[in-house]
1. Any idea how many residues of the stretch 98-134 are under 29 Å from LYS148 (Cβ atoms), aliphatic (A, V, I, L, M) and crowded, with 16+ Cβ neighbours inside 10 Å?
2. Keeping to the stretch 176-197, report how many residues are in contact (Cβ under 8 Å) with a residue 24 or more places away in the chain and not in a loop (DSSP other than H, G, I, E, B).
3. Report the residue count in the stretch 113-150 for those that are under 25 Å from PRO209 (Cβ atoms) and either outside any loop (DSSP other than H, G, I, E, B) or touching a Pro at 6+ places or on another chain (Cβ under 8 Å) (or both).
4. With the requirement that a residue be away from ligand 1 (no atom under 16 Å from the Cβ) and closer than 15 Å to GLU62 by Cα, what does the stretch 74-94 give you?
5. What is the one condition in (1) without any contact (Cβ under 8 Å) to a residue 24 or more places away in the chain; (2) at positive phi that GLU149 does not satisfy?
6. Yes or no: ALA44 more than 20 Å from GLY193 (Cβ to Cβ) and modelled with pLDDT under 95?
7. Any residue at all in the stretch 45-52 that's more than 10 Å from ligand 1 (Cβ to nearest atom), crowded, with 17+ Cβ neighbours inside 10 Å and of a type in the set (Asp, Glu)?
8. Please work out which residue is nearest to GLY109 (Cα to Cα), limiting yourself to the stretch 140-184 and to residues that are of a type in the set (Ser, Thr, Tyr) and surrounded by 18 or more Cβ atoms within 10 Å (Cβ to Cβ).
Amino acid sequence: MRVWSIVSQKGGSGKTTLALHLAIAATSKGRKTLVIDLDPQVSAERWSELRDEAEPAIVAGEPERLGDMLRVAAENGADLVIIDTPPKSDRTTLIAAKAADLVLIPSRGTILDLQAIGDTVNLLKLASLDGRAAIVLNAMPTTAAQVKEVKEAAAEYGLDIIPARLAERVSFSRSLMEGQGVTETEPKSRAAGEIWDVYKRLCERDATPSRARMSERVGR
Ligand SMILES: Nc1ncnc2c1ncn2[C@@H]1O[C@H](COP(=O)(O)OP(=O)(O)OP(=O)(O)O)[C@@H](O)[C@H]1O
Ligand SMILES: [Mg+2]
């Protein structure tokens, strides 16, 4: 069972949007997927009421109970657990990051958002959890020059940046309003293509031992 935690102290960076879309993508690839919602606002869990399909399973819980929840998930044969977390909570961010194989920090592409993820990056660095973390660029501009600028600014943190990104598109929220992901409502769209690209890159990263990643980074 693999565990991917989505963390960012910055509100509205796309944690829940990414968590739900990745979970739907994994489910449609036949992986038994569970979303654990550690946000007291329970946005992901509430969203599951809009959805007719039973999968992915989405449950809310207290961060203190995460270990128990992961044990139960493993006993029930889960292949992938995606943990959604609240903004502005050091404690929950660290609990989720410690439990994860991959820690994903979504950030929007504006300079203000990129500056704001410094808090999350520093927190992970202090806890020596930055080695398993990577930035996922979200709600990105579509011109190449702007994308280049954003990537350069994100690279300042010294963390890996996932080499796939989501553009700013209303279809991500529109599909969720229908209880589905873009890979279901508009499977041939650019938005769906972006989710598949990000999902594929994350699977590749998840399959690479972190020591191999470290030496890649040193050799770069
Ligand atoms: N790629 C995108 N394009 C357009 N809108 C987006 C994109 N990603 C997220 N949004 C929108 O931004 C808003 C915030 O997204 P979301 O709720 O996923 O962020 P969050 O990090 O979970 O927020 P919070 O910190 O409050 O939990 C939502 O209205 C969502 O529809
Ligand atoms: Mg959220």
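The values are calculated or read from the model by the stated rules, or taken from the named source; none is laboratory data. Note that the structure is a prediction, hence the values are computed from the model and not measured. Don't worry about glycine lacking a Cβ; one is built from the backbone with ideal geometry, like all the others, and counts go over all protein chains shown.
1. Looking only at the stretch 98-134, we keep the residues that are under 29 Å from LYS148 (Cβ atoms), and these are 102-125, 129-134.
With aliphatic (A, V, I, L, M) added as a condition, the list becomes 102-105, 111-112, 114, 116-117, 121, 123-124, 129, 133-134.
Retained after the next criterion (residues that are crowded, with 16+ Cβ neighbours inside 10 Å): 102-105, 114, 116-117, 121, 123-124, 129, 133-134.
Going through the stretch 98-134 one residue at a time, the tally reaches 13.
2. To start, the set of residues in the stretch 176-197 that are in contact (Cβ under 8 Å) with a residue 24 or more places away in the chain comprises 176-184, 191, 194-197.
Narrowing further to those that are not in a loop (DSSP other than H, G, I, E, B): 176-177, 182-184, 191, 194-197.
Number of matching residues: 10.
3. Step one: list which residues in the stretch 113-150 are under 25 Å from PRO209 (Cβ atoms), which gives 120-121, 123-137.
Next cut, either outside any loop (DSSP other than H, G, I, E, B) or touching a Pro at 6+ places or on another chain (Cβ under 8 Å) (or both) only: 120-121, 123-126, 130-137.
Qualifying residue count, the stretch 113-150: 14.
4. At the first step, the residues of the stretch 74-94 found to be away from ligand 1 (no atom under 16 Å from the Cβ) are 74-81, 94.
The answer is LEU94, and nothing else.
5. Here GLU149 meets the rest and fails (2).
6. Values: more than 20 Å from GLY193 (Cβ to Cβ): yes; modelled with pLDDT under 95: no.
Judged against the criteria, ALA44 is not a match.
7. For the stretch 45-52, residues more than 10 Å from ligand 1 (Cβ to nearest atom), crowded, with 17+ Cβ neighbours inside 10 Å and of a type in the set (Asp, Glu): present.
8. We begin by selecting, within the stretch 140-184, every residue of a type in the set (Ser, Thr, Tyr); these are 142-143, 157, 171, 173, 175, 183.
Cutting the leftovers down to surrounded by 18 or more Cβ atoms within 10 Å (Cβ to Cβ) gives us 157, 175, 183.
Details: TYR157: 14, SER175: 22, THR183: 23 Å.
By that ranking, first place goes to TYR157.
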